Structure formats: structure tokens, C-alpha cells
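Peer 1: Below you will find the structure I want to go over with you.
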Amino acid sequence: MAGAVAGLAFACTRPPAQRPAQLPTPPRVQTSTPPPAPAGLDAEPEAAALRGKVLEALPAGSRWEALGSEARQDGSLVWRRARYRVQLPAGANVKAATGALVKAAEDAGGVLLASRPEGRGQVLEVGLEHQGKVLPVLRVHLRPSEDKSSPQVRVAVVLDDAGMRLDELDRALRVGRPLTLAILPGLPHSEELARRARQAGLEVLLHLPMEPEDPELASQLGELAVRVDMAEEDIVRTVKSALRAVPGAVGVNNHMGSKATADPRVMRAVLRALREDGMFFVDSRTTPKSSAEVVAKELGVRVARRMVFLDNDPSPEAVRTQIRQLVELARRHGSAVAIGHANRPHTAEVLAEMVPEMERAGVRLVPVGELAR
Ligand SMILES: [Zn+2]
């Protein structure tokens, strides 16, 4: 059942032309050259699986070209090292795409052997750890899009407060576009939802509980929350624990946090923890006094800011009005980020209904990571 749901979901989030399935699968090891390996010492299936996982992390719309793959041998181990050239879609950022690939490689048990600029792009070398050795299995040359003629207006929608129910994912997927799901740590379905959302091709954020001004609300935040009276090491430890509770997250946005985000000391600790993992921060802007963007720039952490809340009034009519405002802002600024709630009944529904209108207005929905600078 879960598999069927995830499969269907994937099918509707990305057009087939952009699916990793299009990736030319590197040929299995030939049995003639190199000579047949003793059973169990063929590292190629693992190498191929790692390559698949890494290349799946490319932004939708990437165009890839297989440059070939050569057989390698080390003692009794045989495998292949494959090379790809990838043209990123218009508007995609080389740095962000590099970060996503590195993270995917590490999540899949791979090792980053090299990452270096080449021209306007970046070259990544990924290795597979196998029986105590590191085997080079993949070289990817990421290049920025050459299409500068029609810069598109981009909008990202984050649906947060997710984690209570699995059907929050189904709602998000019905929109049929790359939304971002922000999941609270430690809720009954946080981990499962994160896993399924990733499988379905959605970007996942940790929705990090942070202390608000209201003490009543602050008392309900639970254990995995950042509070202003915590020492910096405790903040870093809390952020890392919360990240482990939402596997596959590529960034963070704050849940509440009107008090904590206004405190630069606290934000410095939070963002330092993210920088170590190459993650970005989306400032939910629950207070105009937030120091998140200033501190993120100072630390070199990619950051985006919420411009519109979609469903403070959850009625369909109000959500429609907010989406139109979002489109207006995006057209004026080139891009805009909105936050709605995964658990409010009409938000994803109205969004799905308005996708054609948004696209007619020249607006494209993208994962929020694409807008983090
Ligand atoms: Zn929240």
C-alpha cells in the first residue's frame, strides 16, 4: 500500500521526461573484461545503487549526458566508474545542487572524494566504501543552465506543522508540483512522513520548534525545542537531534520562534549547526525582529524568507486571496516564498486548484531550497 501510494505520488510530482528513470543505467560489469569475479566480490550493484541515489537528488528538469563508464578492479573487487555531464534547469543554483548531491551521497553511505569548481560549474567525485576500501564510482560535472533569455518567476510553498498524520503527504502531492513539506520532530508520524515525502520526490525540511514570546505557547514546545536560556552547545545538540528525527531533511524553518529568532546569539548557534551539514534556513518571520537573515549572511548559510502566510484564515476564499498576493509579490521580486499548513483542510486543495492560473501568470512552483541564497 505504502509503495503504491509513493509510486503514484512520484508519478504526479515530476513529468516523466525529468524522472531519474531516464538516466542511462551504466552497464553491469562485463564478464569477459575484467575476468569473472568470484561470487560476492562484485561491487558494481552497490556502486550502481549509490550512483542512482546521488543522481536522484538533481533538481527536476536537469538534463544529463552519460560520458561513459570504465571498469575498475582492485584485488578481487570489480566495479565501474561512470561519468556524467549535467545541465541544470534555468534558475537552479550550482552551489545548491552540489549541496544536495553531496548530502544524497552521504545519506546513501557514499564518500565525497572531490568537489571543485570547473568553469561556471562544479565537479564532484563520489566513492563507495566497500570492505574497508573507497572505490571511485561516480564523477558528475554540474553546469548552470545556458538559458538566460527567459528568467522565470518562481514561487515556493512550504507546508509546515506536518507529522501528525500520514495523509498530510497525500494532500501535498495532489498539488502535483514540487512543494516543500516541513515536519515537526517527534510527532507520531514524523519519520515515516519524511521518508515517504522524500521517496515521492518532495523536498523535506525540519520544522524546528523555537521559543515564542508567549510563555503559554512556549510551555507546549516539547523536548526538541530551541530556547533562549540554552547554552550554545545545547542548541547545537538539540538542532542535531531534531534533524535526526526528520531523516532526509535538507533545510530548516522555524516553528513559532518569535523570541528565539530575535536573539542573534541563539540564531548563530542554530545556523552554525546547519552550516556543518550544508543546510539552508527558511525564516518563517514570526517576528519582524528576526535576526535569522543577517546572521545567516554573516555565517555564509543560505537563507530564504517567508513573504506570505497562506492560511492564517483557513477558509478557501482567504487562501485564494493570499495565493494571488503571493503571485503579485513574486512577479515584482522575481520570486517569493509562502508558508501554509500541512494540516489545514483547504490549503493544498486551493493551491492545486490555482496551479493553472499561477502558471498562466508565468509563475513556476519550485522547492524552497531553490530560492535560498
Ligand atoms: Zn509551525
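Peer 1: Any idea what Rg and Dmax come out to for the chain if you just take the C-alpha atoms, in Å?
Peer 2: Rg then Dmax for the chain, in Å: 21.4, 71.
Peer 1: If a/c stays under 1.5 just call it rounded; otherwise compare a/b with b/c (prolate if a/b is bigger, oblate if not). Do that for region 38-181, with a ≥ b ≥ c from the square roots of the Cα gyration tensor eigenvalues. Could the numbers behind the result be given before it?
Peer 2: Details: a/c = 2.68, a/b = 1.46, b/c = 1.83.
Judged from the Cα gyration tensor, region 38-181 comes out oblate (a/c at least 1.5, b/c at or above a/b).
Peer 1: Which distance in Å, rounded to a whole number, links the C-alpha centroids of region 319-360 and region 60-92?
Peer 2: Cα centroid of region 319-360 versus Cα centroid of region 60-92: 37 Å apart.
Peer 1: With the Cα gyration tensor of region 163-250 in hand, give its eigenvalues times 5 under a square root as the equivalent ellipsoid semi-axes, listed largest first in whole angstrom.
Peer 2: On the way: eigenvalues 136, 38, 21 Å².
After diagonalising the Cα gyration tensor, the semi-axes are 26, 14, 10 Å.
Peer 1: I would also like to ask the following. Using a cut-off of under 20 Å, list every residue of region 296-323 whose amide N is near the label point 7 Å from the Cα of E359 along the Cα-to-beta-carbon line.
Peer 2: Within reach of a label on E359, which here means backbone N under 20 Å from a point 7 Å along Cα→Cβ, region 296-323 contributes 320, 323.
Peer 1: If I stretch the segment between S219 and A49 completely, what's the gain in nm (0.36 nm per residue apart, minus their alpha carbon distance), one decimal? Display every interim value, and only then the final one.
Peer 2: On the way: separation 170, 0.36 × 170 = 61.20 nm, distance 4.48 nm.
56.7 nm is the gain from fully extending S219 to A49.
Peer 1: Using helices alone, what [θ] at 222 nm do you get for the chain, with -39,500 (n - 2.57) per DSSP H run of 4 or more residues, divided over all residues and rounded to the nearest 500? It would help to have the intermediate numbers written out before the result.
Peer 2: On the way: 11 runs with 127 residues, N = 373.
Result for the chain: -10500 deg cm²/dmol, rounded to the nearest 500.
Peer 1: Something else now. Can you tell me how region 59-113 classifies by the Cα gyration tensor, rounded, prolate or oblate, using a/c under 1.5 as the rounded cut?
Peer 2: Numbers: a/c = 3.72, a/b = 1.67, b/c = 2.22.
Oblate, since a/c reaches 1.5 and b/c is not below a/b.
Peer 1: What distance in nm lies between label points placed 7 Å from Cα along the C-beta direction at R373 and R85?
Peer 2: 3.0
Peer 1: Could you grab the relative contact order for region 41-143? Cα pairs under 8 Å, six or more apart, rounded to a whole percent. List each step's numbers first, then the result.
Peer 2: Numbers: 198 pairs, mean separation 29.0, N = 103.
Rounded, it is 28 percent for region 41-143.
Peer 1: May I ask you to compute the full-extension gain from L113 to M164, defined as 0.36 nm times their residue separation minus their alpha-carbon distance, rounded to one decimal in nm?
Peer 2: 14.5 nm
Peer 1: On to the next question. How big is region 153-371 by the Kirkwood estimate over distinct Cα pairs, in Å?
Peer 2: Values: mean 1/r = 0.0585 Å⁻¹.
Over region 153-371, the inverse of the mean reciprocal pair distance is 17.1 Å.
Peer 1: If packing is taken as the average number of other Cβ atoms within 10 Å across a peptide's residues, how do 268-274, 179-185 rank, most packed first?
Peer 2: Working: 268-274: 22.1, 179-185: 27.4.
For the peptides 268-274, 179-185, the packing ranking is 179-185, 268-274.
The numbers here are math on the coordinates, done by the rules we state, and not lab data. None of these values were measured; they are calculated from a predicted model. A quick note on method: Cβ atoms are made from the backbone with ideal geometry, for glycine too, and the neighbour counts reach across all protein chains shown.
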